[in-house]
Amino acid sequence: MANKLNDKQIKALLKSGQPVKQSVGNGLYFRISSEGTGFWVMRYSIHKKRREITLGSYPSLSLSNANAEAVLLQAEVKKGRDPLAERARAKSVDIKTVDDLANDWLESCDKRLKHPGVPRRIYKKDIAPTIGQLSLDHVNPRDIRAVIAKIVSSNRPATANDALMYCKQLFRHGIKLDLITSNPADAFTLSDAGGVERSRSRTLSIDELNKVFCTFRENTDQFTRDNYLAVAILISLGVRKGELIAAQWVEFDLTQGLWDIPKERSKTEVGITIPLAPCVIEWLNELHIRSCGSEYVFPNRRASKRFSHMSPDTLNAATQKLFKEKKVPVEHFTIHDLRRTCRSLLASIGVAGHVAERCLNHKLKGVEGIYDRYDYLDERREALEKLACLVEPIVTPAANVVSFGKSA
């Protein structure tokens, strides 16, 4: 069908400024809006319904290009594809790179996981730097191997296993959305990453604790006073790292020697009141001064959009750096091993098992856990004060008061 318009006629219509709809042919129309703007629309019928789609404005989309696009779209209509539906689908799913897919997947994690921050942190820190900017259809198993190998080389086998698991979930999400047809992480197993994980049993002896705290004091440029006191409190109370570093001053009654951990931050989803030994209160009083009016016991010393308190990685990174530089004269340990160390020390000073378990905010097992609702606060206070008698001389030896300095 011959065009019913040419460029000269289009310009004349625009100059008139009158709203108009002029057929060009092949379902293509030129329209002028009430505001005097010219644009192209295409009319078509599909599934016994009449539809209309806007192609673009004039002169950004020329007459010849508008005609060419109309021909292509009409060909799609003959194949049973609705251009309007296809356009809506393209707008709703704009996922081209691994980062794009990860954003969509992490949103689903936010809705279904109790701790969505874990996959988000591992993706951003350990996966995204290697493959985040790659196009989805360009990711191959070699890229997954590179991600895992980099983590393994940093001596973080558990994180390597987690990263592999999250890679599998991430690309499975892409298959679910029909963005890719295969999962580049599927062929890998734990043996390719950090290996089969075994329950850790590492605890530190009194002698090892002496050496560790001595090392911390000798490396104050790397291991800050805040870090030092955090480790001391973790060993003295047996609380989880996440419970301590996110603690707020409003939770403490230092006069009564009590710390109320809210259920929202407890792994067991049960709040607990922790009795504080005198030396722990003294360390907290120092931290209160050092926090400089912050609502957090351990405020983040660096500007961060993620955390107003100490980052979850801070203590781990500080200790691992000392190990990497071979400055710690004991067998390797992690921050979580301090909690196990606390439990071991409680047993060594004769604290009853059920009291020690409540000190660590563990749920009591079996029938005892169902019927025994007594919180053992007095017994726990006595136990933790006995433990403090072991820990305090290690943390604050007389010869160290001057060398470390509370103003450090």
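Condition first: in contact with a Lys or Arg (Cβ under 6 Å, 6 or more places away or on another chain) and among the hydrophobic types (A, V, I, L, M, F, W, C). Can you find one or more residues in the range 116-130 that meet it?
no
When you scan the range 244-269, how many residues do you find that are hydroxyl-bearing (Ser, Thr, Tyr) and at pLDDT below 95?
2
Output the number of residues of the range 160-211 satisfying the condition of being surrounded by fewer than 16 Cβ atoms within 10 Å (Cβ to Cβ), in contact (Cβ under 8 Å) with a residue 60 or more places away in the chain and among the acidic types (Asp, Glu).
Residues meeting the conditions: 0.
Being β-branched (Val, Ile, Thr) and modelled with pLDDT of 90 or more is the filter here; which residues of the range 115-160 pass it?
Of everything in the range 115-160, those that are β-branched (Val, Ile, Thr) and modelled with pLDDT of 90 or more turn out to be Ile122, Ile127, Thr130, Ile131, Val139, Ile144, Val147, Ile148, Ile151, Val152, Thr159.
Counting just the residues of the range 11-46 that are in contact with a helix residue (DSSP H, G or I) (Cβ under 9 Å, 6 or more places away or on another chain) and in a loop (DSSP other than H, G, I, E, B), which one comes out modelled with the highest pLDDT?
So the residue we want is Gly27.
Which of the residues that make up the range 295-330 are surrounded by fewer than 16 Cβ atoms within 10 Å (Cβ to Cβ) and within 26 Å of Pro262 (Cβ to Cβ)?
Hits for the range 295-330 are Glu295, Arg301, Arg302, Ser304, Lys305, Arg306, Ser308, Asp313, Asn316.
Among the acidic types (Asp, Glu) and closer than 25 Å to Gly117 by Cβ: which single residue out of Asp178, Asp162 fits that description?
After applying the criteria, what remains is Asp162.
Of the numbered conditions (1) assigned to a helix (DSSP H, G or I); (2) surrounded by fewer than 18 Cβ atoms within 10 Å (Cβ to Cβ); (3) touching a Leu at 6+ places or on another chain (Cβ under 8 Å), Leu338 fails exactly one; give the number of that condition.
Of the numbered conditions (1) assigned to a helix (DSSP H, G or I); (2) surrounded by fewer than 18 Cβ atoms within 10 Å (Cβ to Cβ); (3) touching a Leu at 6+ places or on another chain (Cβ under 8 Å), the odd one out for Leu338 is (2).
Among the residues of the range 176-199, are any assigned to a helix (DSSP H, G or I), more than 22 Å from Pro129 (Cα to Cα) and under 23 Å from the mean Cα position of the chain (by Cα)?
yes
If a residue counts only when it is over 18 Å from the mean Cα position of the chain (by Cα), which helices (runs of 4 or more DSSP H) contained entirely in the range 75-169 have at least 1 such residues?
Answer list for the range 75-169: 83-92, 141-153.
Is it the case that some residue within the range 51-67 is part of a helix (DSSP H, G or I), surrounded by 14 or more Cβ atoms within 10 Å (Cβ to Cβ), of a type in the set (Val, Ile, Thr) and not assigned by TED's automatic domain parsing to the domain that holds Gln133?
Checking the range 51-67: not a single residue is part of a helix (DSSP H, G or I), surrounded by 14 or more Cβ atoms within 10 Å (Cβ to Cβ), of a type in the set (Val, Ile, Thr) and not assigned by TED's automatic domain parsing to the domain that holds Gln133.
The rows are residues; the columns are (1) in contact with a Ser or Thr (Cβ under 7 Å, 6 or more places away or on another chain); (2) in the same structural domain as Ile148 (by TED's automatic domain parsing).
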position: Lys168; (1), (2): no, yes
position: Asn183; (1), (2): no, yes
position: Phe213; (1), (2): no, no
position: Arg217; (1), (2): yes, no
position: Thr224; (1), (2): no, no
position: Ala230; (1), (2): no, no
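Are there helices (runs of 4 or more DSSP H) fully within the range 342-408 with at least 1 residues that are modelled with pLDDT under 80? List them.
366-371, 400-404
So for the range 98-114 (the condition being surrounded by 14 or more Cβ atoms within 10 Å (Cβ to Cβ) and at pLDDT below 85), does at least one residue qualify?
no
The values are calculated or read from the model by the stated rules, or taken from the named source; none is laboratory data. This one's a predicted model, so the numbers in the text were calculated from it and none came from an experiment. Here the Cβ is made from the backbone with ideal geometry for all residues, glycine too, and neighbour counts use every protein chain on show.
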